[in-house]
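Take a look at the structure below.
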Amino acid sequence: MASITKWPVEEQDLLACCGSTKFAKQMAALSPFSNLNHAVDAAREIWFNKVDVCGWIEAFSAHPQIGQSASLSHATETSAQWSKGEQSTAMATATSTTLQELTEWNARYKEKFGFVFLICASGRSTEEILSELKKRYLNRPIVELEIAAQEQMKITELRLAKLFSTKLSTATATEHQSVSVAKANDRLSMISAHFTSASNSPGKTKPQIPKRNRPPITTHVLDLAKGHPGAGIDVQLEAWVGPEPHPVYLGSNQSGWTLVGSGKTDNDGRSNPLMEIVNAVKPGTYRISFNISKYNPSCFFPFVSIVFQITESQKFEHFHVPLLLSPFGFSTYRGS
């Protein structure tokens, strides 16, 4: 029996999955894909490490506001259909009151952040979406931008699974690939369940954590004072290996730190890999340091060090530790 070993995709198909032109072009250039996991890994690498903020905003603009029909000027016919399906639970649970409130909060959100409120709506009720919108409205713009990008990636993965399933179903009619189609549909069901609230109910098996396509600890620098990424900043990542279980405030031996890796931020403010790609990062205490004096010799803080801990239960997670520079100092948060 013949088997499908490659999955070709067109740029237009990929635009339905993610409205960023740069994303679609780079994904199409990597086509064909050997399987869905190959496509998802490539998508995550391109979206988080190749597409810039302008590309993110372009993708966001391809989505209608929750509760509204798709924008014909941005969305493809396929993405419009998918968007309608993804919002079906929200629409089924909506009332005139919640829809009105959702419309008002959508407008407030867009006025504050400059883009539509983006959330992977599959399986979510209107009340759930409205609650999340109100909570995220309180975020700082730079934090909300990252969260929206993560939500876009969830939507992209879900739509890639739909696209993959459709293509294999078509191939089945001519090549009798019923087994492969079943696997693709199983993968689609798994991803759909992962993005719905029902997936959190007791007794359900959580999907396995996918293999990483980037190091478990990453960073980038944004200069909020100048309004652009912080490029050319030296960065180094260290791990605590001292005699104490972890360093303590004003007392630890500095020789207890060992270098994991070093690098420099690029024009997008992202550092080159500071460590190898491993599925499970070693639990412990880490320190990431930035040499700000070279980037801005007149700055008040010549260098910044951020210390954080990774527990045993977190070893499969991703830790994105950005540095946000401002006229008043600096800040950070844990991204993903």
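Beta carbons closer than 6 Å, at least 6 apart along the sequence or on distinct chains, pair a first residue in segment 92-119 that is over 22 Å from Trp82 (Cα atoms) and without any contact (Cβ under 8 Å) to a residue 40 or more places away in the chain with a second that is in a helix (DSSP H, G or I) and of a type in the set (A, V, I, L, M, F, W, C) for Trp105/Leu133. Residues in segment 196-229 that are at pLDDT below 80, hydrophobic (A, V, I, L, M, F, W, C) and closer than 22 Å to Ile142 by Cα: 2 in all. The criterion of being of a type in the set (D, E, K, R), part of a loop (DSSP other than H, G, I, E, B) and open to solvent by 40 Å² or more (accessible area, probe 1.4 Å) holds for Lys226.
Of Tyr295, Tyr286, which residue is closer than 14 Å to Pro216 by Cα and in contact with a strand residue (DSSP E or B) (Cβ under 9 Å, 6 or more places away or on another chain)? Every option except Tyr286 fails the conditions.
Remark: Gly85 falls outside the filter, which requires a residue to be open to solvent by less than 50 Å² (accessible area, probe 1.4 Å), modelled with pLDDT under 80 and not in a helix (DSSP H, G or I).
Pairs are defined by a Cβ separation below 7 Å, a sequence spacing of at least 6 or placement on different chains, a first member in segment 133-150 that is within 18 Å of Gly269 (Cβ to Cβ) and without any contact (Cβ under 8 Å) to a residue 40 or more places away in the chain, and a second member that is of a type outside the set (Val, Ile, Thr) and part of a helix (DSSP H, G or I); the pairs so defined are Pro141/Phe113; Glu144/Phe113; Glu144/Arg136; Ile147/Arg136.
Could you pull out the residue among Asn279, Asn296, Asn272 that is open to solvent by 20 Å² or more (accessible area, probe 1.4 Å), under 21 Å from the mean Cα position of the chain (by Cα) and over 11 Å from Val235 (Cβ atoms)? Break it down into steps so the answer makes sense when it comes.
Details: Asn296 fails: under 21 Å from the mean Cα position of the chain (by Cα); Asn272 fails: over 11 Å from Val235 (Cβ atoms).
Selected residue: Asn279, the only one of Asn279, Asn296, Asn272 that is open to solvent by 20 Å² or more (accessible area, probe 1.4 Å), under 21 Å from the mean Cα position of the chain (by Cα) and over 11 Å from Val235 (Cβ atoms).
Could you say whether any residue in segment 240-251 is open to solvent by 80 Å² or more (accessible area, probe 1.4 Å) and modelled with pLDDT of 90 or more? The answer is yes; a qualifying residue exists. Among the residues of segment 110-122, none qualifies, meaning not one is part of a helix (DSSP H, G or I), among the aliphatic types (A, V, I, L, M) and open to solvent by less than 20 Å² (accessible area, probe 1.4 Å). Pairing residues of segment 1-24 that are open to solvent by less than 10 Å² (accessible area, probe 1.4 Å) and assigned to a helix (DSSP H, G or I) with residues that are among the polar types (S, T, N, Q) and at pLDDT below 90, at Cβ distances under 7 Å and at least 6 apart in sequence or on separate chains, gives Ala16/Thr76; Ala16/Thr78; Ala16/Ser79.
Only a single criterion out of (1) surrounded by 15 or more Cβ atoms within 10 Å (Cβ to Cβ); (2) more than 17 Å from Thr258 (Cβ to Cβ); (3) at pLDDT 90 or above is not satisfied by Gly232, namely (1). For beta carbons closer than 8 Å, sequence separation of 6+ or different chains, a first residue in segment 26-38 that is free of Cβ contacts under 8 Å to residues at least 40 places away in the same chain and a second that is among the polar types (S, T, N, Q) and open to solvent by 70 Å² or more (accessible area, probe 1.4 Å), the qualifying pairs are Ser34/Thr5.
The values are calculated or read from the model by the stated rules, or taken from the named source; none is laboratory data. As the structure is a computational prediction, the values presented were derived from the model and not from experiment. Cβ sites come from the backbone with ideal geometry, for glycine too, and all protein chains shown count toward neighbours. Side chains are part of the model used for accessible areas, which takes the heavy atoms of the whole protein and leaves out ligands, DNA and RNA. Shrake-Rupley method; radii C 1.70, N 1.55, O 1.52, S 1.80 Å.
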